[in-house]
Amino acid sequence: MGVAIRTAGEDDRDLVVRLLDEAFQDDPVSGWVFPGAEYRRATHHRLMAAFTDATLADGRVDLVEDGSACALWLSVPADDPGHGGAAEGEDEFAELRRAVDADNERVELIGRLTAGIHPQSRAHEYLWMIGVAPGRQGEGLGTALIGSALDRCDREGRAAYLEASSERSAVLYRRLGFEHLGEPLRLPDGPLMYPMWREPRTGNSPS
């Protein structure tokens, strides 16, 4: 049975924020940025809101029709300084920290560190985040969401990139054609993140 997927709009904003907040409460990277369950429950949603707003403005949010899963994608051109840690991008990270949790330096640091490893030489689609409602995990919704976007990448001949937030998710992405890109990123006193890259499968492209 297929999974119905559509592009989210501004009317879906609160749904997407809530979905991401719930999906990432137990994520190791979210736990590093917002240590402590109570603190995370009170604050984490503001970071998810910032990510959602940025993607609705400049990217694409794929949403399972029943609201059970979503994926945030950005189209990144080659040599894009906003994903490479240039001064302009760093100002955005400081602004993000002020908007989300001014006293938490890790909100800013996670942006700087991931931007520092983000590939810049080739245009690609960036899977920023993907979240599945806790009660719906294991049903293949995440795979369906990513697969739909990767089919587009293959048709258009575009590569894809992501940072896996756990070894378990990295294994899933490998099954979808992603390969590890360089060494993992070790967050200070925290977990590893795994940069991964997928070349388009040109056999699926139209001749």
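Just so it is clear, none of the values below were taken in a lab; they were calculated from the coordinates. Since the structure is predicted, the reported quantities are computational estimates derived from the model, not experimental observations. Every residue, glycine as well, gets a Cβ built from its backbone with ideal geometry; the counts of neighbours run over all protein chains shown.
Here are a few things to note about the model shown:
- Between the beta carbons of Y39 and D14, assuming R0 = 22 Å, the FRET efficiency works out to 0.50 to the nearest 0.05.
- Between W73, W197, W128, the residue with the greatest mean-square fluctuation in the GNM of the chain (Cα pairs under 10 Å linked by springs) is W128.
- Size of charge dipole - the chain - debye, nearest 20, with Cβ of Lys, Arg +1 and Asp, Glu -1, no other charges: 620 debye
- Taking a ≥ b ≥ c as the square roots of the eigenvalues of the Cα gyration tensor, the range 14-161 is classed as oblate, since a/c reaches at least 1.5 and a/b does not exceed b/c.
- Gyration tensor (alpha-carbon) shape descriptor, the range 93-207, a/c threshold 1.5: prolate
- Förster radius 35 Å - calculated FRET efficiency between A78 and A4, Cβ distance, rounded to 0.05: 0.55
- Computed label-point distance, nm, for sites R112 and L192 using a 7 Å Cα→Cβ extension: 2.4 nm
- If the chain linking E92 and R175 were pulled fully straight, counting 0.36 nm for each residue of separation and taking away their Cα-Cα distance, it would gain 26.5 nm.
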